[in-house]
Amino acid sequence: MRNLNLSSCGGLWLEGHNVRHISLDDCSNNITVSFERSIKVISSTGINTYHAQGTQQEIHGCFAISPPVYLVASSNEIFLWHSLNHQIYEKLDLNTELKAMRISPDLSKTVVITGDGFIHILSSTLETISNFSLYEEGFGSALPVSLGWGKKETQFHGSEGKEAALAKPTVPVSNTQYDDGRFEIAWRDDGLYFAVSWIDPLTENRRRIRVYNDTGELFSTTEITNMISPGLCWRPRVQLITTAQRREGRGLDIIFFESNSQRHGEFELIGDESEKFYQVESIMFNPTGSILAVLCSGTQNHPWFIRLLTCSNYQWSIKQHFCIADNSLNDSQISNISLTWDHHAYSADLSALYCAISINESLPNDNQVNSKTLLQCWKMNNVYNSSCILTNSNVNTITSLNSGLVAVINGNTVEMSCFAYSVIPPPMFATRLVFYSNGVNQSNKTQCNFTPSVSSVSIPSLWLGNESDSPNNVMPILIQTVDCQSSKNVFPNTYFITITNGTSLEKESFCNGEVYSEWHNGGKNIAPWPKTVVKIDMDRLFSECNSNDESLKSLILTELKRKNTCLFSPLSCFAWLSLYEVLFIGADGLLLGYLNMKNLYASDGNVNGRWLLRASSSAQEFKTLLERNNSKFARITTICCTIDRRVCVQMSNGTVYIYSVQDILNNNYCYEILQMNEFNIDNLHSYNPLNCIIQFPSNCEQLLCIPVFDEYNSNIIQLNSSIITVNYSALILFGFNKSTHCLFAAVLPKQHNTGHFQQNNIIALNITDSCSSLIGLSEFLIVTNVKKLLICVSLVFNVSQINDPNSLLKELLSRLNIPSELDASTRKPPRNWYNDNLHPIESGAIIVTAIPNDTKVILQMPRGNLEEIHPRALVLAHLSKLLNNKQYEQAVKMMRRHRINFNLLHDYNPNLFLSNVKQFLQSIDDPDLITLFISDLVEEDVTETIYHKFYSKSSERHRSTLKTSKLDRITDILIDEMEKHNPTKLIVPIITCYAKKVPPNYEAGLLRLKLLHENGDINTWNNGLRHLQYFATPIELYKVALGTYDLNFATIMAQRTQLDPKEYLAELNELNSITNDLKKYQCDTMEEAIAYQQFKIDHSLKKYSKAVLHLIDSGKL
C-alpha cells in the first residue's frame, strides 16, 4: 500500500559514446560508467576519465573490485586494471568472443560465457576454477523424484479436463522478433548459485534458463517454454529467478522461477494491445527485493521507459513510470541505457536508482553525430499517503476530513479506501480514480501508449483542520501525472480533487474525460468519491509569479533546460499548511513553492502561487551526483508545517531552518536559504522571516511537528461549530531517519515578532534508535519499533518540564524506553505483562494510518496484510473524552467491546458521574448495559490500581473525598433513579444493585421478585432470579427467602435448589405446624404462634439477636 516518493532527482552529462555498463562501489560509493572506449569514475572529488592501456578492443563492462583495482571485460579478453598507473597487471585471453560476464556479490568469482558455448568460472585473480559446456544434457541435481503417484493420464488436471492427458506437445514459436539472442547471467544474492539464460538451438531456438552452483555443478533446468524473453535477474531474499515472457492474448509478462526451475507465478507488465511495441531490456531488483525496475525499449516511435513496481499481498503495482521520450531530447536518438541500484547504506524503505542514457545527437548543418551520456539518479522512499486530521467535529462523528483516507498508486490509477469505516485489505479498494491523457479516448486501446502515469498523491495529514476551511465537508487531495505528451511542460499535470463520502453512482467522468471515478468494494454510502476535479495550469501559474526577481527567472530557465533531459518530476514533498494551502519542493530541491487553492472549492476559482524560498547560490554549483551529500551543496529535501503556520525546511546536510510562512507571504520576495558556512546575522534581510535553525545529526526522510501540553490544561482541545482552539504549551519537531531507525527530537522556540532570530543553533536529541514508523495524534505520538512493540507516548507533561527543553526531551526519551523486563533482545518477556502505553505487534509491522477521533490504528505486515488494533492508551484517552462529554452509551459500549473495567465510569470523575446518574440512565436504552456496569462494581478505585499508570496524574483532580462505601453510594443513587425512571424495565439492574451492596441485600431483591411472582409476571421472575443466582447460590437464596418468614415463598425457592426434598420438607412442614396446632406448641394466641415460628426460623438461620426478640414475643421466655 506504500507509494514510492521521489525524495531527490538529479543528473549530469558525461562525454562518452554508447554506455555499456554502470556500477557502484559499496565501499567508496564511487560510480563507474563503462563506454566503448573509456571508463569514467565519478567520486566525491570529481569525474575521472580513463583509457585502459594495453587493449584496443571495445569495453563491455567494468567492475570495481577494490578501487583502484577494476575488473574490465572487452570483446575477447578480461583483465585487472589499476586506475592510478593505468596499467593492466592480470589478463585472460578468451580466444573467442565474450558473450556475457557477471561478478559474484562477494566479488570473489566471475562467471563468463564465451561464443563457443562454454561457461568459465574465474577467481578474483582470473584463475580458472572450472569450465564446462552450456549445452550439456540433463536436468541437474534437483531433478524431481517420482513418488509413484501414477501416470500423467490418470492424474487430475483441473479445468483442463481429461483432454490434458492427451495434449499434444507445444508447437515452437519463434521469438527472434523480440529477442536479440543475448546471453544473460544472474547471481543469487548469497553467491551460492547463478542462473544462465540463453537461446538453446537444441530446442528449436527457444530460450531456456539453467541454474548452477558456485562450483559449476548443474542444479536445474527449466522446461521448454515458448516466448521467454531476455531480462534475467534473481530477486534477493525471496530467492526467485525473474525473467520476461510473451504469451498470446496475454501481453508481456514478468514470470518467476524457483531455484529448482519450477514456475512460481507471474504478472502482466504490458497489456496485449501494446506489448508488440516494447521489448524488455533489463530487469533489476533493489537490494532488499522490494522494488522491481524494468527497462523497456520502444519500437515504431514508442519511447523507452523505466517502470518501478512493488508487491503487496502477491499483487504487483506500478509505483513510478519514467518515460524517456526521444522528442524531448531535441531530435536525438537513444543508443543504449544501463541501470543499477545503489547497494550502499539503504534500508528497505530507501532506494536509489542510477540510469545512464547514451544519446546520439545530430549536429545542425553537419553530418557528424555528437555522442553524450546522461547519468540520472532517482532517490526514493516508501511512504503511506493517508489522512490523519483532527477536526472540530463531534468526538464520535466521522466526516470526509477524518475518515482515514488512504490512497495507493498503481500505474494510471489511484486506489482509495476510508479506513475509519472499514479496513479493506490490499489489493482490494473501495474506489479508484483512473487518469487518461487529454484528448485520448479511454476506449481506444491503440492509444494506450499515451496513458499517463500517476507520479505522486498528496493528502492533508495536518495535526488539525477546521471544517470551515473546507466548504461542504470535503477532503482535498493533489495528484500529479506524467506522460510523453507532457514532457515539454515545466511541471507535470496537477489535479486538485475534493473527496466526499458516499455516492449512488458506479462510474463518473470529470475534466472532459481525463479523470474517471469507479466504485469497486464496500458500501456506496461510505465510499470515497470525488466531488470536484480541477486541473491546475502550473506552468502558467509559476511563470507569472515572482516576476520581478531576475535571478529566480534565470534559475527556473536553467531547471527547464535540465528538465527536458533529466527526466524527473520537479514537484515533491507536499506539506499542507491548511486545508487549502500547500507547500512543496521544486526544481530538485532548489525552490520552495506555495499554492493557495481556496477558490478551487467553487471549481471555477483561481489558484494563487509563488516561490517562497530558494537554496543558496552555492547549492546551484551542482557538479556531480555525489557532491549532494556535502554541506556546501545542500538542497531542500524535506519540509513540514507547524500548527502556528511555520515551515520547517530541512536541507540535505540535516540542517533545519524554521520560517514564518505568513512573514514570507507579506513580502513579494523569494528568500535565499543561506548555508551554515555562509551564514552571518548581518546577511539577514531587514524583514527576515527566519525564526531559528535546528541541527539534526543526519538527513531525515520524515519530519513531524507536534504540540505538547501541560497537565493543568483541562481542555486541551476546545471544539465548536466554527473553529478549533488548541491550548498547547510547546512544539516538538521530530525527524525520522529510516536507514538507521533513529528518531530525533528538538523543541521549537516560540514564535516571536517579525524580525526576531534566535542566533543559538538548537541541537536535536536522539530519543530512540529502534523506530520503524511513527504518526502524531492529538494527545499521543505513536511509534512502532523493531522490538515488536507499539508505543503510545503521551504528549502531556508537567509545567517544569515544558519550561525546560532539555528536561522535556529527557522525559520524552524515558517514555520511549522499553522496560527491561519487556525487552525481548535481552530476555524472554513474561507472559502476563501489562502496560497501558505498550501494545505487542508482529515483527516488521508499520503504521498505515490512525483515526484521530477514534481508537483505531491500522498496521501493515511485511507480507502486505492489514491489522486493526486498538491500543489501550488510545481507548482510555477516548473514553475520557466520552465521559467528559457525558456520552455514556458510547462509553459503555466501548468498554464492553475493549473489555475495560466498568468501574472507570465512576472512578474517572466520581462527582461528575453521581451528579449525572439520571442522564446516564436516560442515555442507555439497553438494561443489560446498565446491569454490566453494576455487576462490575468493586470498592477499589481502578484509576489507582488497574489503570494507575495512565491516570496517575489526572485522577488526582477527580478523586472522591467521601468516606462512605463506594458501592453503597452508587447503588443507592441508582436505585432511587431507576425506581423513578422505569422500575419494571430496569428490574434486573435494580436487584443487581441490592446484590452489590455492602453487605449484599439479597432479601430486598427477592422481595421485589416476589411481587412479580404474585402478579403473575413469571418470565421476569425467572429472568431476575436466574440473574440473582450469579451473586448467590440457590441454597443461599433459599435461606434468604426463609428469612422473609414466607414459607410458601421459601418452598418455591427450595424447589430451585438441588437439595433432596427430604432435606427441607420436614423443616418446612414443622414450621407450618406451629401455626396450625397451637396447643402442641403451647401457644395461647396466633400472634404467639407466629412469633414462635419466626423464632425457630431465626434460630435455624443463626440470627440469634432476632431470635431472642421473637422468643420473648412468643411468651416462652
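The values are calculated or read from the model by the stated rules, or taken from the named source; none is laboratory data. These figures come from a predicted structure and were not determined experimentally. All Cβ positions, even for glycine, are placed from backbone atoms using ideal geometry, and neighbour counts span all protein chains on display.
From the set of residues in region 1048-1060 that are touching a helix residue (DSSP H, G or I) at 6+ places or on another chain (Cβ under 9 Å) and not in a helix (DSSP H, G or I), which is surrounded by the fewest Cβ atoms within 10 Å (Cβ to Cβ)?
For region 1048-1060, the residue satisfying everything is GLN1058.
Give region 185-232 a look and list any residue that's part of a strand (DSSP E or B), closer than 20 Å to LEU107 by Cβ and either touching a Lys or Arg at 6+ places or on another chain (Cβ under 9 Å) or free of Cβ contacts under 8 Å to residues at least 24 places away in the same chain (or both), or say none.
ILE185, ALA186, TRP187, PHE194, ALA195, VAL196, ASN213
Is it fair to say SER159 is modelled with pLDDT under 95, farther than 30 Å from CYS27 by Cβ, in a loop (DSSP other than H, G, I, E, B) and of a type in the set (Gly, Ala, Ser)?
no
Can you tell which of HIS51, HIS21 is in contact with a Lys or Arg (Cβ under 9 Å, 6 or more places away or on another chain) and not β-branched (Val, Ile, Thr)?
None of the others qualify; the one that does is HIS51.
Within region 1061-1071, is even one residue crowded, with 16+ Cβ neighbours inside 10 Å, farther than 24 Å from LEU1111 by Cβ and basic (Lys, Arg)?
no
Report, by residue number, each residue of region 522-545 that is of a type outside the set (A, V, I, L, M, F, W, C), surrounded by 15 or more Cβ atoms within 10 Å (Cβ to Cβ) and touching a strand residue (DSSP E or B) at 6+ places or on another chain (Cβ under 9 Å).
Within region 522-545, GLY522, PRO528, PRO530, LYS531, THR532, LYS535 qualify.
Applying the selection to region 43-57, what residues are at pLDDT below 80 and not small (Gly, Ala, Ser)?
Once the filter is applied, which keeps residues that are at pLDDT below 80 and not small (Gly, Ala, Ser), region 43-57 yields THR45, HIS51, GLN53, THR55, GLN56, GLN57.
Within the bounds of region 421-434, is there any residue that is closer than 27 Å to PHE734 by Cβ, modelled with pLDDT under 90 and not assigned by TED's automatic domain parsing to the domain that holds GLU867?
no
Considering region 1090-1107 alone, what residues qualify as being in contact with an Asp or Glu (Cβ under 9 Å, 6 or more places away or on another chain) and surrounded by 14 or more Cβ atoms within 10 Å (Cβ to Cβ)?
Selection gives ILE1090, ALA1091, TYR1092, GLN1094, PHE1095, LYS1096, SER1100, LYS1106, ALA1107.
Could you grab me the full set of residues in region 32-56 that are more than 16 Å from LYS379 (Cβ to Cβ) and crowded, with 21+ Cβ neighbours inside 10 Å?
Those that are more than 16 Å from LYS379 (Cβ to Cβ) and crowded, with 21+ Cβ neighbours inside 10 Å: THR32, VAL33, SER34, PHE35, ILE39, LYS40, VAL41, ALA52.
ILE818: in contact with a Ser or Thr (Cβ under 9 Å, 6 or more places away or on another chain), at pLDDT below 95, of a type outside the set (Gly, Ala, Ser) and under 22 Å from CYS640 (Cβ atoms), yes or no?
In short, no.
Kindly list the number of the only condition in (1) buried (at least 21 other Cβ atoms within 10 Å of the Cβ); (2) at pLDDT below 85 that fails for ASN29.
Condition (1) is where ASN29 drops out.
Looking only at strands (runs of 3 or more DSSP E) that fall completely inside region 835-919, which ones have 1 or more residues that are under 16 Å from the mean Cα position of the chain (by Cα)?
Counting at least 1 such residues, we get 846-850, 857-860, 866-869.
In region 77-136, which strands (runs of 3 or more DSSP E) lie fully inside it and hold 2 or more residues that are surrounded by fewer than 20 Cβ atoms within 10 Å (Cβ to Cβ)?
Qualifying strands (runs of 3 or more DSSP E): 77-82, 87-93, 118-123, 128-133.
Give the residue, chosen from GLU281, GLU273, that is touching a strand residue (DSSP E or B) at 6+ places or on another chain (Cβ under 9 Å) and assigned to a loop (DSSP other than H, G, I, E, B).
GLU273
In the list LEU1007, LEU1068, which residue meets the criterion of being more than 27 Å from ILE924 (Cβ to Cβ) and in the same structural domain as LEU937 (by TED's automatic domain parsing)?
Step by step, each of LEU1007, LEU1068 is checked, and only LEU1068 is more than 27 Å from ILE924 (Cβ to Cβ) and in the same structural domain as LEU937 (by TED's automatic domain parsing).
Scan region 1020-1065 residue by residue and report those that are of a type in the set (Ser, Thr, Tyr), more than 22 Å from PRO983 (Cβ to Cβ) and under 58 Å from the mean Cα position of the chain (by Cα).
THR1033
Could you list, in sequence order, all residues of region 780-821 that are outside any helix (DSSP H, G or I), touching a residue at least 60 places away in the same chain (Cβ under 8 Å) and out of contact with any Leu (no Cβ under 9 Å at 6 or more places or on another chain)?
VAL796, ASN798
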